[in-house]
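Throughout, read-outs are computed from the coordinates displayed, never taken from laboratory work. The model shown is predicted, which means the values in this text are computed figures rather than measured ones. Note: ideal-geometry Cβ built from the backbone for every residue, glycine included; neighbour counts use all protein chains shown.
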Amino acid sequence: MTNFVGHGRTTVTDPHELTPVDDWVAEIVRALAPPRRTTVPTAEAAGLVLVRPVDAAEPLPPFTNSAMDGWAVVADDLEDASGDDPVVLTDGGAVHAGPVGSRPTVTPGTAVAVMTGAPVPPGADAVVPVELTSSHAEGVAFHASPSPRENVRAAGEELARGTRLLPARHRLTARDVGLLLSTGVDEVVVAARPRVSVVTTGNELVPAGRDLEPGQIRDSNGPMLAAVVTELGCVATFAGPVRDTVEDLVRVLREQASDADMVVLSGGVSAGAADHVATAIGRLGEVRRTKLAMQPGMPQALGRIDGTPIVALPGNPVSTFVSFEVLVRPALRILQGRTDLLRPRTTATLDEAVTSPAGKRSYLRVRLRQVDGAWHARPAGGQGSHMLGALSRADALAEIPVDVTRLDPGRQVVVQLLVS
Ligand code: AMP
Ligand code: MG
């Protein structure tokens, strides 16, 4: 007789015994330590979340400079200048952007050429764009009359030193990196990138680049999980594939738990004879197994080893990916200090009928297209939990609620977009 361990039976599970998905997410969140904080160079901080507010370290702009390529003048000198009746000023030299040695001064009756971003010379109070001037035997002819301060960017006019730029909990964008560095903020205190150890389990698994023996398959979950962890902005290490023995699992888990913020495993959590993951976690710490009201991804385990959460996902590749999305992504985003825990969501109209098992929330792999400005969804292909083709083709996961078993074309579904 087959020796089924774990749940210890082979009968169909009653939906009432299933754990609601949101309860399990909450369990994982409870197992998390608070985010670690670290100081990083601002240039490397895009995507990270500020732990402290940030203030301008320097005024912006740092010195009074020209907004145009043109001539720095005393505005009063050109009160009577016009297109047909220009006023001529003496050419007093030029100032370029960059460090300035001896800087010419603008005195009444003279003009100094200035380039965009160059310091406006002392004495000048306006810049006339070069397009409104012409050369003249006695200097430069001005065909327009500027107002005082025209085309002059005054020191500190955008930001004074100490201005609050960004609040705590803000997630830095590339634009923010530009802003902070422009005001001299070279370092920021942020939530550290979570370190995630990915462990795959299974005697049948072969890493890339080796020939398959009969009965072996390629380890696709390991590289897939490492890639999605990295894409999310965490630091992934990949240990595995590990053999299906308690001893091997205990050895690898002990190592991986010691310097990771989370260990994510795939495989070995169902009721098969080789499913030893929960036993191994239990040897080193605490563990709980469950059956989730979710398809794909029903068998799950969660543990803690020396304070490190261990999230064990089922091994079928689509189950692994969907479980990661639904259960692990929100937890890692919390460790990242983020408050937006889910992928972007929207609603779409079904173009084909779909079915879903009673008592489970399904996550269908769907393709999306836009028709007259509205999103439409249809299955991306075979929905088996081993079918990576449809997962790869999918634009989104469509959520079918627990109590729904069928939806006809034309019905609305919530979709989680598989975009970053
Ligand atoms: P398990 O959850 O260990 O019972 O595995 C369920 C199914 O997923 C089996 O068909 C495994 O061969 C397959 N599987 C498990 N781990 C992986 C993996 N890392 N890559 C690809 N397939 C896997
Ligand atoms: Mg297995």
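Across the stretch 361-420, Cα pairs under 8 Å and at least six residues apart give a relative contact order of 36 percent. Mean sequence separation of contacting Cα pairs (under 8 Å, at least six apart), scaled by the length of the chain, corresponds to a relative contact order of 17 percent.
Averaging sequence separations of C-alpha pairs under 8 Å and six or more residues apart, then dividing by the length of the stretch 118-179, give the relative contact order as a whole percent. Don't skip to the end; give the middle numbers.
Numbers: 35 pairs, mean separation 17.5, N = 62.
Averaging sequence separation for qualifying contacts and normalising by length gives 28 percent for the stretch 118-179.
When the GluC sites (Glu not before Pro) in the stretch 18-102 are filtered for DSSP coil states and for at most 12 other beta-carbon atoms within 10 Å of their beta-carbon, the remaining sites are Glu79. Taking the charge dipole of the chain about its Cα centre, with +1 at Lys and Arg Cβ atoms and -1 at Asp and Glu Cβ atoms, the residue from Gly303, Leu350, Val198 reaching farthest to the positive side is Gly303. Electrostatic tally near Asp186: other residues with Cβ closer than 12 Å to its Cβ, Lys and Arg +1, Asp and Glu -1, net -3. Neighbours of Arg367, meaning other residues whose beta-carbon lies under 13 angstrom from its beta-carbon, give a summed charge of +1 when Lys and Arg score +1 and Asp and Glu score -1. Taking Lys and Arg as +1 and Asp and Glu as -1, the other residues whose beta-carbon sits under 14 Å from that of Val322 total +3. Taking a spot 7 Å from the Cα of Ser392 along the direction of its beta carbon, which residues of the stretch 197-213 have an amide N less than 13 Å from it? Correct set: none at all. For a modelled paramagnetic label at Ala33, 7 Å from Cα along Cα-to-Cβ, the residues of the stretch 205-234 in reach, with backbone nitrogen under 18 Å, are 234. Extension gain, Ser134-Arg164: 0.36 nm per intervening residue step, less the Cα-Cα distance, totals 6.4 nm.
Pull out a ≥ b ≥ c, the square roots of the eigenvalues of the alpha-carbon gyration tensor of the stretch 345-417, then state rounded if a/c is under 1.5, prolate if not and a/b is larger than b/c, and oblate in the remaining case. It comes out oblate by the Cα gyration axes. So for the pair Glu187, Ala353, with labels modelled 7 Å out along Cα→Cβ, what separation do we get in nm? The answer from the label model is 6.4 nm. Mean residue ellipticity, 222 nm, helices only, the chain: the sum of -39500 (n - 2.57) across DSSP H runs of n ≥ 4, divided by residue count and rounded to 500, is -4500 deg cm²/dmol. In this structure, Asp22 and Thr116 have a Cβ-Cβ separation that, at R0 = 45 Å, corresponds to a calculated FRET efficiency of about 0.25. Apply the a/c threshold of 1.5 to the C-alpha gyration tensor of the stretch 253-357 and tell me whether it is rounded, prolate or oblate. Judged from the Cα gyration tensor, the stretch 253-357 comes out oblate (a/c at least 1.5, b/c at or above a/b). Overall form of the chain: prolate. Here a/c, set by the Cα gyration tensor axes a ≥ b ≥ c, is 1.5 or more, and a/b is the larger of a/b and b/c.
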